[in-house]
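To keep things clear, I will list the structure first and then write my remarks on it.
Bear in mind these aren't lab numbers, they're just calculated from the coordinates by the rules spelled out. This structure is a prediction, so every number in the text was calculated from the model and none was measured. Neighbour counts are summed over all protein chains in view; Cβ atoms, including those assigned to glycine, are modelled from backbone coordinates with ideal geometry.
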Amino acid sequence: MNWVISIPSISTAFSRRMLGRHRMNIVNCRHKMTVVQHNSTVAVTSAADAPSRLCHYAVAMEIRGDFACRCCDYADARMSFFPPGEAMPVAADARVLSFHKSLSLQPPLRGVFSDYAFFGYRYPRESLHISLREKSVVDRLFDAVAWILSDNTGDSSDSLLAEKINLLLANCRRFYQRQFILHEDYCAMYVAETEKTVDRFYAEGHGCDVPPIGLPARALGVSETYLASVVRFSTGRTFREFAQLRQLRVAKMLLVDTDRPVADIARSLGFPSAECFEKFFRLVAGSSASDFRRFRC
């Protein structure tokens, strides 16, 4: 299946031209929005219409509007990322670049928990707010893709397109890291609330289970993917590792501060047996629960 790249708000000179195996429809997007269909064609819809669901990945940059960003955010433009099948309710004059999943990206798009996790973030609350300087970087890369499409005269076009889109996504990932730094206080609050939710989960005796990340995400009103990124940014660990360390912390406190038998502690934490608890403890802490108690006491 062919993939299509569409970039609105550029000249219409090439709007109906077939370029090799890539078909491109470029439109002035002041009053319209471009949506890529599953059959590798491009459709233009009115912004007043209900947004279509994309069959391609899409990167959208909005330049004007009430972005409702935090006081620490830049407000020169807002970038949002949409996976296939997701509605794209962006502003009518947004610049959009869409591409099929078969594009050879490095690293490849392996789902919302891949290196490009921002394709799983919720619009518009978790969008990326960029500065004028960052916007100029994005504009240049959008223009570079448009130029390659308009000058598709050799076999190297595919690799050049992939190179530019790789560079765009890598820059967006870097910009998100900058935004997380600016949101450090918010990230710390999210992690603290996640700790409370995880602690309650284990206090209810769930033992070997890892709490679903949707549990704290729903309480905080953010997407699971965004919360996973915040936890990794703030702690350097995946959510699973984060949850296991919270459970280990409770287990260590019980081992050091009480003289309860290991089997009793295992039951209180929800483990089906002392052996299961010992296996978990050794996996996460690097020693058995009995050895930990003996050396600490």
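Given the convex hull over the Cα atoms of the stretch 185-296, what projected area results after averaging over all orientations, in nm²?
6.9
Going Cα to Cα from K101, which lysines come in below 29 Å? Please leave out same-chain ones fewer than 8 positions away.
K32, K135, K164
Could you point to the residue in I213, Y226, G270 farthest towards the positive end of the stretch 185-296's charge dipole, with +1 and -1 charges on the Cβ of Lys/Arg and Asp/Glu respectively?
Working it through, the farthest residue towards the positive pole turns out to be G270.
List C55, C72 from most exposed to least, where exposure is judged by having the fewest other Cβ atoms within 10 Å.
C72, C55
Taking the beta-carbon count within 10 Å as an exposure proxy, list R260, R78 from fewest neighbours to most.
The fewest-first ordering by Cβ neighbours comes to R260, R78.
For A77, what residues show an amide H to amide H distance below 5 Å, using hydrogens built from the backbone and excluding near sequence neighbours?
I130
What percent does the relative contact order of the stretch 185-296 come to when contacts are Cα pairs within less than 8 Å and at least six residues apart?
28
Roughly what would the spin-label model give for D291 and A87, points 7 Å off Cα along C-beta, in nm?
Going by the 7 Å Cα→Cβ label model, 5.6 nm.
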